[in-house]
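Below is one structure, written out as structure tokens, with a few remarks after it.
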Amino acid sequence: MTAMPVTPEFHFDFGSPNAYLAHRVIPGIEQRTGTQFRYVPVLLGGVFKATGNRSPGEAFAGIRNKLDYERRETDRFIARHRLTAFTRNPFFPVNTLALMRGAAAAAIDGTLDAYVEAAFHHMWEEPKKMDDPAVMLAALKASGLDADRIAARIQDADVKQRLIAETEASVARGCFGSPTFFVGDEMWFGKDRLRDVEEAITGASPASR
């Protein structure tokens, strides 16, 4: 019997800088492994509420040296993968509810790839206050997307329910933050686990590293 091809999953929220960084590394993994990731928009606020998790800025605020170390690790990741377009968003943290509903709509409508590129670009390459509806729609329009349709779609019941359902399903599988990756039933959290994700895709064992 021929084994079914694996479909790795990327569960993300645009508000996570680490999700952006992972997004920029994923194409190389796809090229090397011959697979294509399934992008699954989830609402990070909903994930946090369901799991009791908090952002690193909140969770580690009282821990001496921890946040400084996390920033150094991010800088190392950026340098390793030559992610020179990354720019920290001065409006961070950003409420991504409308932006993620737009992603859910795009997933339903078959336009998710273009939407993801635009949203990540305006969050982490030419950063803007993307929780301002006017700013968000103007940015998406500037990237060639149908902003009027997006504005209407994010109010639709099927879109709202899609985002809720995907978020709840992700949490049920073990998700507690963004970015989260699944390969079959196995889960990894964080951009620094992408090597493990790639090994899982190719079926490499630790002994073969």
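The values are calculated or read from the model by the stated rules, or taken from the named source; none is laboratory data. Fair warning: this is a prediction, and the values are worked out from it, not measured in the lab. Please note: Cβ atoms are built from the backbone with ideal geometry, for glycine as well, and neighbour counts cover all protein chains shown.
What is the residue count in the stretch 30-52 for residues that are surrounded by fewer than 21 Cβ atoms within 10 Å (Cβ to Cβ) and part of a helix (DSSP H, G or I)?
The number of residues fulfilling the criteria is 10.
Hey, does the stretch 143-164 have a residue that's within 18 Å of the chain's Cα centre (by Cα) and closer than 20 Å to Ser55 by Cβ?
yes
Somewhere in the stretch 127-134, is a residue surrounded by 12 or more Cβ atoms within 10 Å (Cβ to Cβ), at pLDDT below 95, out of contact with any helix residue (DSSP H, G or I) (no Cβ under 7 Å at 6 or more places or on another chain) and not basic (Lys, Arg)?
No, the stretch 127-134 contains no residue that is surrounded by 12 or more Cβ atoms within 10 Å (Cβ to Cβ), at pLDDT below 95, out of contact with any helix residue (DSSP H, G or I) (no Cβ under 7 Å at 6 or more places or on another chain) and not basic (Lys, Arg).
Out of all the residues in the stretch 150-183, which are among the β-branched types (Val, Ile, Thr) and either crowded, with 17+ Cβ neighbours inside 10 Å or under 14 Å from Pro8 (Cβ atoms) (or both)?
Ile150, Ile154, Val159, Thr167, Val171, Thr180, Val183
Filter the stretch 120-130 down to residues that are farther than 17 Å from Ile26 by Cβ and assigned to a loop (DSSP other than H, G, I, E, B), then give me how many there are.
In the first step, residues of the stretch 120-130 are kept if they are farther than 17 Å from Ile26 by Cβ; the result is 122, 126-130.
If we keep only those that are assigned to a loop (DSSP other than H, G, I, E, B) as well, we get 126-130.
Here the count works out to 5.
In the stretch 89-119, how many are part of a helix (DSSP H, G or I) and either under 21 Å from Asn18 (Cβ atoms) or not β-branched (Val, Ile, Thr) (or both)?
20
Within the stretch 131-147, track down each residue that is at positive phi and either outside any loop (DSSP other than H, G, I, E, B) or among the aromatic types (Phe, Trp, Tyr) (or both). Lay out the reasoning, then the answer.
Here is the first cut: in the stretch 131-147, the ones at positive phi are 144.
Those that are at positive phi and either outside any loop (DSSP other than H, G, I, E, B) or among the aromatic types (Phe, Trp, Tyr) (or both): none in the stretch 131-147.
Is there a residue in the stretch 81-99 that is in contact (Cβ under 8 Å) with a residue 60 or more places away in the chain, among the β-branched types (Val, Ile, Thr) and touching a strand residue (DSSP E or B) at 6+ places or on another chain (Cβ under 7 Å)?
Checked against the condition, which is being in contact (Cβ under 8 Å) with a residue 60 or more places away in the chain, among the β-branched types (Val, Ile, Thr) and touching a strand residue (DSSP E or B) at 6+ places or on another chain (Cβ under 7 Å), the stretch 81-99 yields no hits at all.
Across the stretch 184-198, what is the total count of residues that are surrounded by fewer than 21 Cβ atoms within 10 Å (Cβ to Cβ) and either β-branched (Val, Ile, Thr) or not in a helix (DSSP H, G or I) (or both)?
Residues that pass the stated criteria total 7.
Those residues that are at pLDDT below 95, in contact with a Leu (Cβ under 9 Å, 6 or more places away or on another chain) and hydrophobic (A, V, I, L, M, F, W, C), I need them from the stretch 42-68; list them, please.
Phe60, Ala61
Confirm whether Tyr39 is out of contact with any Leu (no Cβ under 7 Å at 6 or more places or on another chain) and within 14 Å of Asp113 (Cα to Cα).
no
In the list Phe37, Phe14, Phe10, which residue meets the criterion of being of a type in the set (Phe, Trp, Tyr), modelled with pLDDT of 95 or more and over 15 Å from Phe182 (Cα atoms)?
Of the residues listed, the single one that is of a type in the set (Phe, Trp, Tyr), modelled with pLDDT of 95 or more and over 15 Å from Phe182 (Cα atoms) is Phe14.
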